[in-house]
Amino acid sequence: MSSASELPTHVQERLLRLQQLQRNLQAVLTQKQQVELELTENEQALGELDNLTEDAVIYKSIGSLLVKAEKIKVEAELKERKDLLDTRVKVLTKQEERFRSQLSQLQTKLKRDLGPAISGSPSP
């Protein structure tokens with residue numbers, strides 16, 4: 001069997017599913033990395049706010065503008081955003097685990113399907 005077209009239909013379908021799962025996993029990993037980066041930035045901002053006095057002058061970014069804001073309000077917004085990002089990381093981690101599990105199961109099935117074809121071919 002030298003070409004994919006010679007593979008049984010169910011094996012071809014599994015290979016396509018494997019490729020789709022790999023793409024989905026990569027997308028989830030990319031999203032997770034972006035969310036974790038934003039979470040780190042958020043935590044750094046909260047750390048900096050902790051070092052400031054209550055009457056410190058603070059500016060927050062709104063689009064391309066910097067607007068004066070109260071420390072307590074900015075802190076509350078950052079904490080709320082942190083909670084949201086924490087939840088998003090948990091969801092993405094669960095998706096990652098599910099995709100990895102599905103990939104592992106599918107790879108096992110493909111090895112079983114392709115085992116006779118691989119062992120039956122002459123070695124170079």
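Between THR40 and VAL67, what FRET efficiency follows from the Cβ-Cβ distance if R0 is 30 Å, with the result rounded to 0.05?
Values: r = 24 Å, r/R0 = 0.79.
Calculated transfer efficiency: 0.80.
Any idea what the alpha-carbon Rg over 2.2 N^0.38 Å comes to for the stretch 8-118?
Numbers: Rg = 22.5 Å, N = 111, 2.2 N^0.38 = 13.2 Å.
Against the compact-globule rule of thumb, the ratio is 1.71.
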Item to check | About the Cα centre, charge dipole magnitude for the chain (Lys/Arg +1, Asp/Glu -1 at Cβ), debye | outcome: 840
Item to check | Cα-based helix-to-principal-axis angle, 71-120 vs the chain, degrees rounded to 10 | outcome: 10
Item to check | Estimated vicinal HN-Hα couplings, Hz - the stretch 14-20 in sequence order (Karplus 6.51, -1.76, 1.60; Gly, Pro = x) | outcome: 5, 5, 5, 5, 4, 4, 5
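Neighbouring Cβ atoms within 10 Å as the yardstick, rank ILE72, ILE58 fewest first. Intermediate values should be presented prior to the final figure.
Values: ILE72 11, ILE58 17.
Placing the least packed residue first, the sequence is ILE72, ILE58.
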Checklist outcome for this item: GNM of the chain, Cα pairs under 10 angstrom: of LEU39, LEU65, LEU92, the biggest fluctuation goes to LEU65
Checklist outcome for this item: Among LEU25, SER64, THR87, the residue whose Cα sits farthest towards the positive end of the charge dipole of the chain (+1 at Cβ of Lys and Arg, -1 at Cβ of Asp and Glu, taken about the Cα centre) is LEU25
Item to check | Sorted by Cβ neighbour density within 10 Å, fewest at the top, the residues VAL11, VAL91, VAL28, VAL57 | outcome: VAL57, VAL91, VAL11, VAL28
Checklist entry - Taking only C-alpha pairs under 8 Å that are 6+ residues apart, what is the relative contact order of the chain in percent? => result 36
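Laboratory data are not the source of any read-out in this text; all were calculated from the coordinates shown. Computed from a predicted structure; not experimentally measured. Please note: Cβ atoms are built from the backbone with ideal geometry, for glycine as well, and neighbour counts cover all protein chains shown.
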